[in-house]
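The values are calculated or read from the model by the stated rules, or taken from the named source; none is laboratory data. If you're wondering where the values come from, they're calculated on a predicted model, not measured in any experiment. Don't worry about glycine lacking a Cβ; one is built from the backbone with ideal geometry, like all the others, and counts go over all protein chains shown.
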């Protein structure tokens with residue numbers, strides 16, 4: 001072994017360890033620093049946890065008997081019920097954290113220059129998670145998810161041109177064991193893509209972080225580690241409460257029973273985190289309409305930095321913040337209205353969908369231009 005290798009500090013060979021040393025300087029925390037700043041780290045940890053629990057479930061999952069294999073995991077595999085609860089609850093918390101991350105960026109206007117790249121990565125992560133979660137939902141092969149997959153596969157078969165070819169390639173034909181086997185592979189691939197995107201998001205966020213200089217610098221430990229520990233502790237507490245006391249939170253109870261090819265459930269509502277997007281898709285008629293609605297909803301969200309007409313250094317005004325809070329209530333209303341199908345809920349879904357697009361395409365440019373004057 002060379003002399004240089006013996007005298008070289010460990011953190012010179014592993015730079016990540018330097019973050020834990022007192023000599024590593026970071027920007028000082030402002031009084032009452034928001035714990036929501038730890039959301040990217042929480043999402044990263046939760047996704048890695050989901051990958052580990054999903055690997056255990058995939059080992060025992062049988063696409064030919066999807067629902068029965070999940071029942072086998074829950075009742076016959078050692079602690080299988082707990083692993084499945086971990087996976088379902090982890091998905092709930094990941095989406096809760098992603099929704100908070102997006103609305104926090106909207107509320108503080110963190111999407112503006114030079115944060116456009118971080119914002120676009122956040123929206124792309126949201127899109128990846130939506131598709132990944134939908135595939136995981138249909139893999140349960142329950143009474144509701146079976147018919148959701150059947151409708152989606154039939155709609156894909158009815159498309160023509162390139163969309164029809166893509167739909168046929170994705171689903172592999174009518175819903176059945178072969179389709180579930182394909183979707184299991186896509187579910188795993190998209191999950192890995194989501195993990196890669198969250199690491200890219202954290203990298204983009206580090207570039208935007210202010211640099212530590214002089215008296216404004218503090219050591220990473222304990223200033224930042226204490227904040228991250230508190231955020232992870234609260235996150236873990238919520239996770240434990242949901243796993244042991246509400247493992248089916250936000251799920252359609254009809255999906256807990258086996259699918260019947262001859263009976264369509266009264267309410268084909270997906271889990272809570274898919275309901276706002278499903279509600280928007282339901283407003284647009286036809287197979288193409290639903291796809292267009294989802295793409296349009298994500299597109300206007302991604303275009304927010306260019307719809308905002310204020311300057312790069314302008315502070316969020318009171319009216320803009322009120323509109324952002326109303327948008328959060330609107331998205332919540334979308335999910336709630338779609339949860340209970342009825343004539344009234346159909347009207348509410350239409351109204352809240354119109355408000356969603358009105359917020360981004362009309363109100364955001366108007367209000368931000370007025371506040372910039």
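For (1) at pLDDT 85 or above; (2) surrounded by fewer than 17 Cβ atoms within 10 Å (Cβ to Cβ); (3) in contact with a strand residue (DSSP E or B) (Cβ under 7 Å, 6 or more places away or on another chain); (4) under 30 Å from residue 63 (Cβ atoms), each residue gets a yes or a no:
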residue	(1), (2), (3), (4)
173	no, yes, no, yes
180	yes, no, no, yes
189	yes, yes, no, yes
197	yes, no, no, yes
205	no, no, no, no
218	no, no, yes, no
225	no, yes, no, no
Hey, any hits in the range 110-124 for a residue that's without any contact (Cβ under 8 Å) to a residue 60 or more places away in the chain and in a helix (DSSP H, G or I)?
-> no
Residue 341 passes all but one of the listed conditions (1) surrounded by fewer than 16 Cβ atoms within 10 Å (Cβ to Cβ); (2) more than 21 Å from the chain's Cα centre (by Cα); (3) in a helix (DSSP H, G or I); the exception is number (3)
Residue among 262, 237, 298 that alone is free of Cβ contacts under 8 Å to residues at least 40 places away in the same chain, surrounded by fewer than 19 Cβ atoms within 10 Å (Cβ to Cβ) and over 19 Å from residue 151 (Cα atoms) | 237
Which condition number does residue 352 fail, the rest of (1) buried (at least 19 other Cβ atoms within 10 Å of the Cβ); (2) within 23 Å of residue 113 (Cα to Cα); (3) at pLDDT 90 or above being met?
-> (2)
